[in-house]
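Participant: I'd like to ask you about the structure that follows.
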Amino acid sequence: MPRLLPELLAEAGQPEVLRFWEQLSAEERRLLAAELERLEPGELRAHCEEAARARQRHTEPRDRLMEPLPGEATGSSIRTDTESLRSWRERGFHEISENHVAVLLLAGGQGTRLGVQYPKGMYDVGLPSGKTLYQIQAERIRKVQQLAEEKLSKKCTVPWYIMTSEFTLEPTQKFFTLHNYFGLVKSNVVMFEQQMLPAVDFNGKIILEQKGKIAMAPDGNGGLYRALTNNKILEDMDRRGIRFVHVYCVDNILVKMADPAFIGFCVEKGADCGAKVVEKAYPTEPVGVVCCVDGINQVVEYSEVSQATVERRNADGRLTFNAGNICNHFFTVDFLKSVTEEFEPQLKRHVAVKKIPHVDEKGNPVKPETPNGIKMEKFVFDVFQFSKKFVVFEVLREEEFSPLKNAENAGNKDTPSSARRALLWQHYRWAVQAGAHFLDQKDNRISPLKQFPDTEEPPAVCEISPLVSSEGEGLEKYLKDREFRSPLLLTEQAVAALAQGQ
């Protein structure tokens, strides 16, 4: 046994981690020692003790201190005049054309709830094209670059930073290599790894996943800020001239990449930090709400608010606290520097109570049926409080937000089926708005604007490649007054044929 391991664990209050040491192979001992030597004893003790305390902590309702965001800090793609939207989009495309914009993907989580053993970005929800989330997002980056180049007559690049974890880095690298980076330049796709922290039981003791392996978990999407420092990502952004970063989560199939309207709005407002939001679907929807608490911008979780506040409405009938957080954010690089240099240590960790596979006292594997441990996470939105100019931008849920979190057996909520339907409904709407007509099995035209519940499939299957259209633009020249049978897969090759009248 390496001489310092018992001392390290004794100082951290975790000597039990080595209880199976004598039963381990030489390779298992080497791997466990390497894992332990990366941990600092004082930080490890503090982490475990904080986890045990945090679970017992009672969260006081925050209703009395909550206020909606002021009107001057809000914008909307729904309730804004056409000229303002055009101006914001033009400003966003200008910044993209100047190589000032990057996108940053939060992709460190495991697909446990989804029921897969690989990164969520590699998931195929069952689209006619068979495209994965990673491919869809890569093609959206290619399209926004193309649109900026066409509008401003400048060659430009939107770098893609992808934060992975110990679980997702290697498979993500292999997947991108296998698919030739989906047409992007390899040097413009920068993958980096976030920190891992041990999971602990309810008594603050480290959980062993195997006799010689600690149960580790990513430190939440708020681990971004330490990862930016550890991997020198901000230095890379400086070298590229990046000034603005659009941050998002991997599981949203409708996410807009480097959204020009959002970026333009934030830049025009002089914001250093911004958040996209959607109107809550119903009062008790379990999503965090972006608001002010005692004058400080933050996200308040559903569990921290009373029923009366959740259901409170304005005179126009809309929910008072309706700005649902969708983990889609704008940051200036200067703001990210201030966070990493000054504020990151102030971020509090949040408790996630989980079912964590482990070995019992005799070394037998256990797959728990009820939660048995704690993972401590930081949240990316906890930096809102440090912003000097914070803004929110409201968008339509059906156009921009459909997360993939659960396996099919979870019902209709945030499953592969619901994500697939959301995308196909969106593309069906685009096609109809562009003047397309869909035929049923008897060659009769389908009523184009009939509304269906989102639990049902659209009247016709239509998938539009991101390389053809990013948000429904430019489709009229291919679709107007034409008739199509379902399914319609509108690829670059298909529109080329349509343009030639085939």
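Only the coordinates and a few stated rules stand behind these numbers; no lab work does. The structure presented is a predicted model; accordingly, all values stated were derived computationally and were not measured. No Cβ is skipped: glycine too gets one built from the backbone with ideal geometry, and neighbour counts run over all protein chains shown.
Participant: At 0.36 nm per residue, and after removing the present C-alpha to C-alpha distance, how many nm does the segment from LYS151 to VAL353 gain when stretched out fully?
Facilitator: Difference between extended and current length: 67.8 nm.
Participant: Now, a different point. Once fully extended, how much extra length lies between ALA281 and ASN188, figured as 0.36 nm per residue of separation less the alpha-carbon to alpha-carbon distance?
Facilitator: 29.8 nm
Participant: Another question, if that's okay. With just the Cα atoms defining each centre, how far is segment 237-291 from segment 367-409? Give it in Å.
Facilitator: Each part's Cα centre sits 12 Å from the other's.
Participant: Here's something else I'd like to know. Please determine, in degrees from 0 to 90 and to the nearest 10, the orientation of helix 26-37 with respect to the longest principal axis defined by the Cα atoms of the chain, where the helix direction is its Cα long axis.
Facilitator: 80
Participant: Using label points projected 7 Å from each Cα along Cα→Cβ, tell me how many nm separate GLN23 and ARG318, to one decimal.
Facilitator: 6.0
Participant: Would you kindly state how much longer the chain becomes between GLN210 and GLN441 on full extension, computed as 0.36 nm times their sequence separation minus their alpha carbon distance, in nm to one decimal?
Facilitator: 77.6 nm
Participant: Modelled label-to-label distance, ARG53 and ALA496, 7 Å Cα→beta-carbon offset: nm?
Facilitator: It works out to 6.4 nm between the two label points.
Participant: Please list, in order along segment 473-478, the HN-Hα scalar couplings obtained from phi with the Karplus expression 6.51 cos²θ - 1.76 cosθ + 1.60 (θ = phi - 60°), rounded to whole Hz, x for Gly and Pro.
Facilitator: Karplus values, whole Hz, x for Gly and Pro: 6, x, 8, 4, 5, 9.
Participant: Would you work out the charge dipole size for segment 351-491 about its Cα centre, treating the Cβ of every Lys and Arg as +1 and the Cβ of every Asp and Glu as -1, and quote it to the nearest 20 debye?
Facilitator: Here segment 351-491 has a charge dipole of around 260 debye.
Participant: Check which residues have an amide H placed less than 5 Å from LEU490's amide H, if you skip close sequence neighbours.
Facilitator: For LEU490, the qualifying residues are GLU463, ILE464, SER465.
Participant: A further question on this structure: Find, among the GluC sites (Glu not before Pro) in segment 362-444, those assigned to loop by DSSP (not H, G, I, E, B) with at most 14 other beta-carbon atoms within 10 angstrom.
Facilitator: Here the sparse-neighbourhood loop sites are GLU369.
Participant: Using Cα-Cα distances under 8 Å and only pairs 6 or more residues apart, what relative contact order does segment 416-499 have, in percent?
Facilitator: 38
Participant: With axes computed from alpha carbons, what is the tilt in degrees of helix 41-56 against the longest principal axis of the chain, rounded to the nearest 10 within 0 to 90?
Facilitator: Once rounded, one gets 70 degrees.
Participant: OK, next. Given H placed on each backbone N at 1.01 Å, which residues far from ILE214 in sequence or on other chains put an amide H within less than 5 Å of it?
Facilitator: Hits under the 5 Å cutoff: GLU209.
Participant: Shape verdict for segment 12-97, please, from the Cα gyration tensor: rounded (a/c under 1.5), prolate (a/b greater than b/c) or oblate.
Facilitator: Taking the square roots of the gyration eigenvalues as a ≥ b ≥ c, segment 12-97 is oblate.
Participant: Counting DSSP beta bridges with both partners in the chain, what percentage is antiparallel, nearest 5?
Facilitator: Of all bridge pairs located within the chain, approximately 55 percent are antiparallel.
Participant: Taking every eigenvalue of the Cα gyration tensor of segment 147-282, multiplying by 5 and rooting it, what semi-axes result, largest first, whole Å?
Facilitator: That gives 33, 20, 15 Å for the three semi-axes.
Participant: Let me spell out the model: positive unit charges on the Cβ of Lys and Arg, negative unit charges on the Cβ of Asp and Glu, origin at the Cα centre of segment 63-405. What dipole size does that give, in debye rounded to 20?
Facilitator: Computed about the Cα centre, the dipole is about 720 debye.
Participant: Can you spot the lysines whose alpha carbon is less than 28 Å from LYS213's alpha carbon? Ignore those fewer than 8 places along the same chain.
Facilitator: LYS120, LYS174, LYS205, LYS348, LYS354, LYS355, LYS362, LYS367, LYS375, LYS378, LYS405
Participant: Straight-line reach from LYS276: which lysines have Cα under 16 Å away, leaving out those fewer than 8 places along the same chain?
Facilitator: Cross-link targets: LYS256, LYS389.
Participant: Another question, if that's okay. Order of 295-306, 120-131 by packing, highest average Cβ count within 10 Å first?
Facilitator: The most tightly packed comes first, giving 120-131, 295-306.
Participant: Could you work out the mean projected area of the convex hull around the alpha carbons of the chain, in square nanometres to one decimal?
Facilitator: Over every viewing direction, the Cα hull of the chain projects on average to 26.2 nm².
Participant: If the reach is capped at under 21 angstrom between alpha carbons, list the lysines near LYS480, excluding any in the same chain fewer than eight residues apart.
Facilitator: Within reach: LYS450.
Participant: Enter the per residue convex hull volume of segment 217-296, computed from alpha-carbon coordinates, in Å³ rounded to the nearest integer.
Facilitator: With only Cα atoms used, segment 217-296 gives 176 Å³ per residue.
Participant: Per DSSP H run of at least 4 residues, take -39500 (n - 2.57); add these up for the chain, divide by its residues and hand me the 222 nm value, nearest 500 deg cm²/dmol.
Facilitator: So the helix-based figure for the chain works out to -9000 deg cm²/dmol.
Participant: So who's got an amide H within less than 5 Å of the one on PHE393, skipping anything under 5 residues away but keeping other chains? H placed 1.01 Å off N, in plane.
Facilitator: GLY75, ALA275, LYS276, VAL277
Participant: Further question on the same structure: When ranked by the protection proxy of mean other Cβ atoms within 10 Å per residue, highest first, what sequence do the peptides 472-481, 427-436 form?
Facilitator: Most protected by this proxy first, the peptides run 427-436, 472-481.
Participant: Let me ask you something else. Report relative contact order for segment 103-252 in percent, whole number only (criteria: Cα-Cα under 8 Å, sequence separation at least 6).
Facilitator: It comes to 31 percent, rounded to a whole number.
Participant: Using per-residue counts of other Cβ atoms within 10 Å, averaged over each peptide, order 235-245, 263-273, 206-216 from highest down.
Facilitator: 263-273, 206-216, 235-245
Participant: Then there is this: Once Lys and Arg get +1 and Asp and Glu get -1 on their Cβ, which of PHE321, ASN203, THR415 lies farthest toward the positive end of the dipole of the chain?
Facilitator: Final value for the positive-end residue is THR415.
Participant: Next question, about the same structure. Let a ≥ b ≥ c be the square roots of the eigenvalues of the Cα gyration tensor of segment 416-499; is it rounded (a/c under 1.5), or, if not, prolate (a/b larger than b/c) or oblate?
Facilitator: Oblate, since a/c reaches 1.5 and b/c is not below a/b.
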